[in-house]
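Below is one structure, written out as C-alpha cells, with a few remarks after it.
The values are calculated or read from the model by the stated rules, or taken from the named source; none is laboratory data. Source: prediction; values computed, not measured. Methodologically, a virtual Cβ is constructed for each residue, glycine included, from the backbone with ideal geometry; neighbour enumeration extends over all protein chains shown. Calculation scope for accessible area: heavy atoms of the full protein, side chains included, ligands and nucleic acids excluded. Shrake-Rupley method; radii C 1.70, N 1.55, O 1.52, S 1.80 Å.
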Amino acid sequence: MSPLPPHLLDALAAEAVRDGLADALYTYVPSPIGTLLVVSGANGIVRVGFEEEPEDRVLAGVVAGLGPRVLRADRELIGVRETLQAYLEGTREGELDLPFDLQLVHSPFRRTVLEILAGDVHRGDVIRYGELAARAGNPKAARAAGTACATNPIPIVVPCHRVLPSAGGVGNYGGGAPRKVQLLELEGALPPRLTPR
Amino acid sequence: MVVLPPFSALIEAHGDALLTHARRLAGPEQAEDVLQDALLRALRAYPRLRHADHLRAWLYRITTNAAMDAHRARRREVPAADPAASITVDPEQLDGFEDLITGLPDGVRATLRLRFVDDLEYDVIAIRLDCSPEAARQRVSSALRTLRQRSPAR
C-alpha cells in the first residue's frame, strides 16, 4: 500500500479548510532537534510531538480534544514549517511568535502556567519553577507548575524548556534533557559548547 | 462515545485502493476529482458516524456514489447539484448505482453489484459466480469496460 500523491492530500486539505471540514491539520518539520510533528487547529498550534512520540498516539489525543477530522496538510502549514525550521536552525532572530491554542490543556492552573510562560518568558530568559508558580498565582505550587510543563502539549512554541529547577542544572524535559540544553544554547540562555555536536 | 481514528489514518490505509477504485469507475482522467469529492463527502459525514466498523466499505460506497454522480453530471452536461445534498451514510441508498447500470445485460449488472455494491473480494465473487478468482477478476473488468463504453462522455 502506498500513500496518496502529495498534491492530492494538499488539494483535499485546502478544500476541507475552505468548507470548514477539518478539525485539525498536521505536518512534519525536520529540524536540528529531530523531526517534529506539528498539529494545528483553527486558532493555532495545539500539539507538537517529538520524533520519538508515535504519530498514532499524538493524533489520538488530538482527535479526543478537537475531533476526528484530522488531515495531513503540508502545503497549508508551510508558513508554520518554515518559521519553526528557521528558528531551530538559528537563522531567525527574535521570538518564535507562532499562534497557538491550549485547547488540549484541561486544567485551569496548568493553562495559566503555560500562558504566562508563553507571554512573559522570552527568548534568552529562564525562570525557576517556583517563580513561575508564583506568577500563576500560587507560590507554593512549584510542583504543579512542573507538571504543567511536563505535560505541555506544545513544547518549543510554549517554551517549557526555559523553566529550570531551583536546585540547579537544567532539570527534566519532555523531549529529554539534551534537547533542553540544545534549545537553551540556541536561544543564548546557555553558552554554546565549544565542541561541535 | 465512539472513538474514531483520525481521518488521515483512513486515507493512509485506504486512499490508494480508493483511487484505484475511482479510476476503475470513472476512468483515469476523472479519478482524482472523484476521489477528492468522495473524501470531502466522507469528511462531512465522519463526525456523525455512530460506530467505527466497516469504515473501508463505507469509503468504497461513498467513492462509488461520487463516481456515479460525476458520471451523471457528465451525461447531463450540467454541473452536479450541491454535493452536500447527495451525502450518503446509508448503505441501502444505492439507487444511483442501479441507474448507472440499468440497461446492461443481467450478467454484467450482477457482476458489478457483487464487486461494487457488496464490496466483495475476487475470491468471494468467484464462489458466487462459480468460477476461478482470475475469471472473476476478468468478468469484473470486462463488465466495467462495457459500462465505460456505454458512457457517452468517453
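Quick check on residue B:137: is it in contact with a helix residue (DSSP H, G or I) (Cβ under 6 Å, 6 or more places away or on another chain), surrounded by 12 or more Cβ atoms within 10 Å (Cβ to Cβ), assigned to a helix (DSSP H, G or I) and touching a residue at least 12 places away in the same chain (Cβ under 8 Å)? Here the answer is yes, as residue B:137 does meet what is asked.
Taking segment B:3-12 as the range and being of a type in the set (A, V, I, L, M) and open to solvent by less than 50 Å² (accessible area, probe 1.4 Å) as the test, the residues that pass are B:4, B:9, B:10, B:11. When restricted to residues that are away from chain A (no Cβ under 11 Å), open to solvent by 10 Å² or more (accessible area, probe 1.4 Å) and not polar (S, T, N, Q), segment B:24-37 contains 4. Flag not set for residue B:21, criterion: in a helix (DSSP H, G or I), out of contact with any His (no Cβ under 6 Å at 6 or more places or on another chain), within 25 Å of residue A:37 (Cβ to Cβ) and more than 7 Å from every other protein chain (Cβ to nearest Cβ). The criterion of being in contact with a Gly (Cβ under 8 Å, 6 or more places away or on another chain), within 14 Å of chain B (Cβ to nearest Cβ) and either open to solvent by 50 Å² or more (accessible area, probe 1.4 Å) or over 22 Å from residue B:11 (Cβ atoms) (or both) does not hold for residue A:54. Hey, does segment A:140-147 have a residue that's in a loop (DSSP other than H, G, I, E, B) and loosely packed, with under 15 Cβ neighbours inside 10 Å? Yes, that holds for at least one residue. Scanning segment B:75-108 for residues that are modelled with pLDDT of 70 or more and open to solvent by less than 60 Å² (accessible area, probe 1.4 Å), we see that the one that is farthest from residue A:15 (Cα to Cα) is B:107. Scanning segment A:78-94 for residues being touching a helix residue (DSSP H, G or I) at 6+ places or on another chain (Cβ under 9 Å) and either under 18 Å from residue A:20 (Cβ atoms) or crowded, with 17+ Cβ neighbours inside 10 Å (or both) gives a total of 2.
The requirement of being surrounded by fewer than 20 Cβ atoms within 10 Å (Cβ to Cβ), among the charged types (D, E, K, R), in contact with a helix residue (DSSP H, G or I) (Cβ under 9 Å, 6 or more places away or on another chain) and outside any helix (DSSP H, G or I) is satisfied by residue A:97. If you filter segment B:38-58 down to residues that are within 9 Å of chain A (Cβ to nearest Cβ) and either touching a Gly at 6+ places or on another chain (Cβ under 8 Å) or assigned to a helix (DSSP H, G or I) (or both), you find that the one that is surrounded by the fewest Cβ atoms within 10 Å (Cβ to Cβ) is B:47.
Residues in segment A:122-169 that are without any contact (Cβ under 8 Å) to a residue 12 or more places away in the chain and among the basic types (Lys, Arg): A:140 alone. The set of residues in segment A:10-42 that are at the interface with chain B (Cβ under 9 Å from one of its Cβ atoms) and open to solvent by 40 Å² or more (accessible area, probe 1.4 Å) comprises A:15, A:19.
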